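To keep things clear, I will list the structure first and then write my remarks on it.
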Amino acid sequence: MAKKKKAPPPEPFARLCLVTPAGLDPETFAPLLDDVLKAGDVATLFIVSETSSAAELQRIAEALVPVAQANGVAAIVPNDTRLFGRTRADGLHVDTGIADLKDAIEALKPDHIVGAGGVATRHDAMLAAETDCDYILFGRFDGDTADAIFDKAFDLAAWWSAVFEIPAVVMGGRSIASVEAAVDARVEFVALRSAIWNHAEGPVAAVAEANRVIAARQAEAAP
């Protein structure tokens, strides 16, 4: 069973994670990413793609993993341990089932990060936690279809963060303001995608704004 928390989560909470945008060209995106990661605190870069080509995803990851690591940001790739090894990523995100999650943990921990996705219920989260994964993602990387965090993902993340030790990552909405709910619920990490890459003032300004909103909300929540 997942261990229950004995104390409130330490600050900082609701640290920002980024999800790569769809349709990126790695050669032109890499220098933009470097600027974006220098614009404010970012804990993790989830390198995901809608492509079904393993070779294309490897090309993307090989270009972006070094950029993330040079900025002190953990680079996480999806599901494939071979992709993980070839790109020298920091961790693997597994959303293809408990069996695959267990296999990844056996292969990669304790030296690397292994996180769980594909969690739709409290029972799913408990099963994932029993594998001793490093985090649980609530929501989908393409789930930012509304301004606010998807209700079900938020409810699960808020419940999890209030009770258990394994950190939660909640997928944010398409608005920067969606991070406020994550801060209020003391969710450990909030991931943004379209809120960053489609921001009217550009992604560099978006990361800076997200960090300002998180810091301001944390200050309001301080005892």
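The values are calculated or read from the model by the stated rules, or taken from the named source; none is laboratory data. None of the values given here were measured: they were computed from a predicted structure. So basically every Cβ, Gly included, is an ideal-geometry build from the backbone, and we count neighbours across all protein chains shown.
Some values worked out for this structure:
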| item | result |
| --- | --- |
| Filter result for the condition that a residue is surrounded by 21 or more Cβ atoms within 10 Å (Cβ to Cβ), part of a helix (DSSP H, G or I), touching a residue at least 40 places away in the same chain (Cβ under 8 Å) and touching a Pro at 6+ places or on another chain (Cβ under 6 Å), over 214, 196 | 196 |
| Hits in the range 33-61 - residues which are more than 18 Å from residue 194 (Cα to Cα), without any contact (Cβ under 8 Å) to a residue 12 or more places away in the chain and not small (Gly, Ala, Ser) | 56 |
| Odd one out for residue 64 among (1) touching a residue at least 24 places away in the same chain (Cβ under 8 Å); (2) over 30 Å from residue 209 (Cβ atoms) | (2) |
| Check on residue 179, closer than 24 Å to residue 23 by Cα, touching a residue at least 12 places away in the same chain (Cβ under 8 Å) and among the β-branched types (Val, Ile, Thr) | no |
| Hey, residue 22 aliphatic (A, V, I, L, M) and touching a Ser or Thr at 6+ places or on another chain (Cβ under 9 Å) or not | yes |
| Only one of 191, 208, 221, 181 that is out of contact with any helix residue (DSSP H, G or I) (no Cβ under 9 Å at 6 or more places or on another chain) and within 26 Å of residue 164 (Cα to Cα) | 191 |
| Residue in the range 35-57 that is surrounded by the fewest Cβ atoms within 10 Å (Cβ to Cβ), counting only those that are assigned to a helix (DSSP H, G or I) and at pLDDT below 95 | 55 |
| Test: residue in the range 128-145 that is at pLDDT 95 or above and assigned to a helix (DSSP H, G or I) | yes |
| Filter result (in a helix (DSSP H, G or I), over 19 Å from residue 73 (Cβ atoms) and β-branched (Val, Ile, Thr)) within the range 165-193 | 183 |
| From the options 116, 148, 157, 120, residue that is over 20 Å from residue 90 (Cβ atoms) and crowded, with 16+ Cβ neighbours inside 10 Å | 157 |
| Some residue of the range 75-84 being at pLDDT 95 or above, surrounded by 15 or more Cβ atoms within 10 Å (Cβ to Cβ) and of a type in the set (D, E, K, R) | no |
